[in-house]
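What follows is one structure encoded as structure tokens, with my remarks underneath.
Bear in mind that the values in this text are calculations on the coordinates, not laboratory data. Keep in mind that what you see is a predicted model, and the values were worked out from it rather than measured. Please note: Cβ atoms are built from the backbone with ideal geometry, for glycine as well, and neighbour counts cover all protein chains shown.
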Amino acid sequence: MIRWARRREVCSDAFVDFCREHAIIDRNDNANRYWEYPWAFARSRLRPGMRVLDAGAGYSAFLLYLADAVPDAEYHAADPAYALQRPAQLPHAHISTRPLEELDYPDDHFDLVFCLSVLEHLDRDARRAAVRRLARCLRPGGRMVLTVDYFLDWPAWRRAIDRKPRMAAWLPAGNPDVAALVADSGLDPLDPGRVDPHLGLPGFDERAVDDADLWWSDHIGPGLRVTSLGVVLYKPSTEHAAPGHRLRIAPAALHVRDDGTPLLALHHGGADGPAGRCHPLPRRALEPQGFTAAQITGWLGGGPEAEAAVARALRWGNLTPSPPAPLAGAYQPESFREVYRNPEGREAHG
């Protein structure tokens, strides 16, 4: 998923409620935050128990909003600015002072990675190194939610930088080539069918995105317009599709008809609610032991289309690993009584 900020999203009930509930007020009068924060949260599918990184968090309150919404998660914040001043607003977060291009977290460490309005402030080499580092520490099946500020009419920005050289450190390399960054990450777009035209794609024309529905801000100065581009990437996991690995339908994707038939809803967990078809499955899909990827592919009719549907369900978290079944005999009332009566395991004599 690669999407431009849209006015109709910012004005939607879900976005307005998020901003009101968390009292979002941007101290720099950057109106793009009123799109960026609710959009990133809605696309993250943040859940209790997750390990979450906000890369380049700076002194924003975004992690506070996350912890307020989902307190039972483990939060990390990384920013080299913390070497100069520790962020007092993040007492609940684990802090790293390393630059993004030098992050040393273990491989497959995080369930969810955010990097919001950061990459455009790095030079080209640092951008590429940063997305590779972030992708490396994301676990298979995890999501990376990125936003980048996109500076409309770059020649106007170039002239402003020439007048105020200090801006060159803030914008060292112009607009990021998003297509190249996605390729560098090695990750897949979460929803390949929802990719807007963007910088780096052949034939991209900025005028195609400058329409009446685009959400933008001129908080830097008159005539200096900036909008946002949101990117949601996914780290593929072949483990869940391996033969014998058992799956179950995620609660958010499970619907049941009046006659008891389970339905698998394919959607990506966005703020606009479930989207896509509901696929009927046999009732044994609800059995505690779960099912394999091969089984559900067969239930969906088999063939390339069914395989693609299962791949999407895994990518979007509609199918999740099934908890391991208890070992045979782990709970047997008669066995328990025998152990209770004879804890040392002596043979019983008549």
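Of all beta bridges that DSSP places with both ends in the chain, some 60 percent have antiparallel geometry.
What is the gain in length, in nm to one decimal, between R166 and A180 on full extension, counting 0.36 nm per residue of separation less the C-alpha to C-alpha distance? Walk me through the numbers on the way to the answer.
Working: separation 14, 0.36 × 14 = 5.04 nm, distance 2.71 nm.
So the extension gain works out to 2.3 nm.
So, counting K/R as plus one and D/E as minus one, what does the shell of residues with Cβ under 14 Å around L122 add up to?
Numbers: positive: R98, R124, R127, R128, R132, R133; negative: D79, E101, E102, E120, D123, D125, D149, D177, D184.
Net of charged neighbours comes to -3.
Per-residue extension of 0.36 nm, minus the Cα-Cα distance of D213 and E305, leaves a gain of 29.7 nm for this segment.
Over the chain, what relative contact order in percent results from Cα pairs under 8 Å that are six or more residues apart? Don't skip to the answer; put the middle values down first.
On the way: 596 pairs, mean separation 60.8, N = 350.
17 percent.
With the simple spin-label model, which puts each label point 7 Å out from Cα in the Cβ direction, the A88 to D196 separation comes to 3.8 nm. A Förster distance of 22 Å, applied to the separation of the beta-carbon atoms of A69 and H109, puts the FRET efficiency at 0.50.
Averaging 1/r over every pair of different alpha carbons in region 1-80 and inverting the result gives a Kirkwood radius of 13.4 Å. Angle, helix 33-44 long axis vs. longest principal axis of the chain, Cα atoms, 0 to 90°, nearest 10? Rounded to the nearest ten degrees, it is 20.
Taking only DSSP H segments of four or more residues, each worth -39500 (n - 2.57), what value at 222 nm results for the chain once the sum is divided by all its residues, to the nearest 500 deg cm²/dmol? Write down the numbers at each step before the final one.
On the way: 11 runs with 98 residues, N = 350.
Only helices count here, giving -8000 deg cm²/dmol.
Among the listed values (1) 230; (2) 203; (3) 127, the one computed from these coordinates for volume of the Cα convex hull per residue in Å³ is (2). Subtracting the Cα-Cα distance of D258 and R159 from 0.36 nm times their residue separation leaves 29.2 nm of extension gain.
Rounded to the nearest 0.05, what FRET efficiency do E206 and D13 give with R0 = 35 Å and r taken as the Cβ-Cβ distance? Could you check?
Numbers: r = 30 Å, r/R0 = 0.87.
The calculated FRET efficiency here is 0.70.
So what's the angle, to the nearest 10 degrees on a 0 to 90 scale, between helix 154-163 and the longest Cα principal axis of the chain? Helix 154-163 and the main axis of the chain meet at about 60 degrees.
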